[in-house]
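To keep things clear, I will list the structure first and then write my remarks on it.
The values are calculated or read from the model by the stated rules, or taken from the named source; none is laboratory data. None of the values given here were measured: they were computed from a predicted structure. Please note: Cβ atoms are built from the backbone with ideal geometry, for glycine as well, and neighbour counts cover all protein chains shown. Surface accessibility is based on the protein's heavy atoms, side chains included, excluding ligands, DNA and RNA. Shrake-Rupley method; radii C 1.70, N 1.55, O 1.52, S 1.80 Å.
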Amino acid sequence: AFDDEPLLKLHARHDRLLSACRVLVDLDIHMGRMTEERAVNELAEHAGIGEKQSWQEVSALAAAPSSSVGAFAGRLMVERWRNRFSSELGEKFSLKKFNDRLIRVSGLPPEMAEKRLNAALKREKA
């Protein structure tokens with residue numbers, strides 16, 4: 001299970017922190033409250049990434065305003081689905097199976113993807 005892999009869990013938490021920092025920096029840049037240079041410094045300091053990666057992140061955010069907000073919302077949705085699978089299946093939960101299912105529904109609108117995942121969960125619980 002996911003919680004049994006300390007390095008994977010640490011990486012996931014760092015990635016979630018970076019995603020949240022992206023949202024804050026993205027909004028501040030596009031509302032004129034932060035320069036790109038300051039955004040690079042903020043990311044490097046608070047998200048634990050190097051200056052080069054910070055510049056790459058800020059460049060991507062500058063090119064696609066508010067993209068980080070949608071990405072973070074999607075991330076939270078997937079985490080909610082994964083947690084539901086994990087809690088309802090207990091020992092039978094497989095992160096690999098969940099990710100395989102998630103990939104199969106990834107092109108669908110979120111509501112339809114959730115319906116298909118719920119149907120798969122129901123079948124697996126039976």
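For residues that are surrounded by 14 or more Cβ atoms within 10 Å (Cβ to Cβ) and under 16 Å from the mean Cα position of the chain (by Cα), tally how many sit in the range 93-120.
3
What pairs come up if the first residue lies in the range 6-32 and is charged (D, E, K, R), the second is not in a helix (DSSP H, G or I), and their beta carbons are under 9 Å apart, counting only those six or more places apart or on different chains?
Qualifying pairs under 9 Å: ARG22/ALA47; ASP26/ALA64; ASP26/PRO65; ASP26/SER66; ASP28/MET34.
Is it true that some residue in the range 37-49 is among the polar types (S, T, N, Q) and open to solvent by 40 Å² or more (accessible area, probe 1.4 Å)?
Yes, some residue in the range 37-49 is among the polar types (S, T, N, Q) and open to solvent by 40 Å² or more (accessible area, probe 1.4 Å).
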